[in-house]
Amino acid sequence: MSLQSKLGQLFICGFKGLDPRDPALKPLFENIEEGLIGGLIFFGYNIQEKNQLQDLIGTIKALKAPFPLFLSVDQEGGRVQRLSSKNGFQDGLSAFAVAEKFSPEEAYQYYQEQAAVLQEVGLNLTFAPVVDVHSDQSPVIGAYGRSFGTEPETVVVYGRSFIKAHQDKGILTCLKHFPGHGLALADSHAGLVDITETWQERELEPYKALIQENLTDFVMTGHLWHRKWHKDLPAAFQREKITALLKQELKFKGLVITDDLAMGAIQQNYTINDALILSLTSGHDLLLYSFNQAASPEAKTLVESHDSRRYLNNLVLEAVQSGRLSEEQINSSYDRILETKKKISV
């Protein structure tokens, strides 16, 4: 396997399109068969109704990709769900509402029903559950009910129900947003979120507990900046937080993925090249790039084209060739990605 092909496995990308017969999707399909992409993320604009989504995903799965693709979606419930009543599916409850309404055992049954929908359409990865701690002051976590509760113990109990229910249906899961977005007072879609005065050590407790139970496949980092940790770099770009804390101290053996690098927090402060390289040198295994203009409306670098995914791949390739990135690290991430892909059953 060539280095460039290995690098392709590091990318989960978004795309525009609904109908697999649309000529505009041909470049995407070619990129997939070339091995330039390791996975896709689906947004509301990719989903019209169930049969259409099954047709699109079925066509993608039939392509001659080197390895199975991560076919992912943000399906938390509540305000963050791409499969909803807007496109012919049933709306799911927010995490906060689930914890208020159901016991953990009932939540498991509820989430099995939710996971079965993902399984039916052919998706295999949900970027959930949110294991941030709830605060009424949070404009993007608390305000939307995306957390299970104010106490880490509540988050752990209901996060466990969510994960087990999805895993039992063959759906991979992802804890987010490390090292803790729940008490923050801003939204990283708009810019880097300063957590210097709000972050608390207890925000790590859900990660510690669920990682110790070996209950998650992915951890997604947040675009969060703590000035006492580093005056210039957000936590996700710090090796001390991703490699030393998450991978070594907390002993997380799964895949670490960035939050969307197309979001305003990154687009306003870093070049694409620097964002990719800093993410990988800190210890991330996967790079999420949505090409979603809504993630950062003013960004001028989000045009999806036939060459855009190759461009991202080449930026990382050049960094390895110039010595900015270690090929050993790329190989390590590549091996973990392929190991995780062995779990894909839908």
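The values are calculated or read from the model by the stated rules, or taken from the named source; none is laboratory data. On a predicted model such as this, the values are computed, not experimentally measured, just so you know. We place every Cβ from the backbone using ideal geometry, glycine too, and count neighbours over all the protein chains shown.
Looking at region 285-308, can you tell me whether even one residue there is over 16 Å from Phe15 (Cα atoms), modelled with pLDDT of 95 or more and not basic (Lys, Arg)?
Within region 285-308 (the criterion being over 16 Å from Phe15 (Cα atoms), modelled with pLDDT of 95 or more and not basic (Lys, Arg)), the answer is yes, since at least one residue qualifies.
Pull up region 13-28, narrow it to residues that are closer than 26 Å to Leu317 by Cα and crowded, with 18+ Cβ neighbours inside 10 Å, then point me to the one that is farthest from the chain's Cα centre (by Cα).
Leu25
Kindly indicate whether any position in region 142-156 is touching a Leu at 6+ places or on another chain (Cβ under 9 Å) and surrounded by fewer than 17 Cβ atoms within 10 Å (Cβ to Cβ).
Within region 142-156, none of the residues are touching a Leu at 6+ places or on another chain (Cβ under 9 Å) and surrounded by fewer than 17 Cβ atoms within 10 Å (Cβ to Cβ).
Looking at Ile272 and the list (1) aliphatic (A, V, I, L, M); (2) touching an Asp or Glu at 6+ places or on another chain (Cβ under 7 Å); (3) at pLDDT below 95, which single condition is not satisfied?
(2)
Given the options Ala116, Ala107, Ala165, Ala184, name the one that is within 30 Å of Ile60 (Cβ to Cβ), touching a residue at least 40 places away in the same chain (Cβ under 8 Å), crowded, with 20+ Cβ neighbours inside 10 Å and of a type outside the set (Lys, Arg).
Ala165
Taking region 36-58 as the region of interest, how many residues are in a helix (DSSP H, G or I), in contact (Cβ under 8 Å) with a residue 40 or more places away in the chain, among the hydrophobic types (A, V, I, L, M, F, W, C) and out of contact with any Gly (no Cβ under 6 Å at 6 or more places or on another chain)?
The qualifying residues number 1.
Return the only residue of Tyr144, Tyr158 being among the aromatic types (Phe, Trp, Tyr), more than 20 Å from Leu224 (Cβ to Cβ) and in contact (Cβ under 8 Å) with a residue 12 or more places away in the chain.
Residue meeting the stated conditions: Tyr158.
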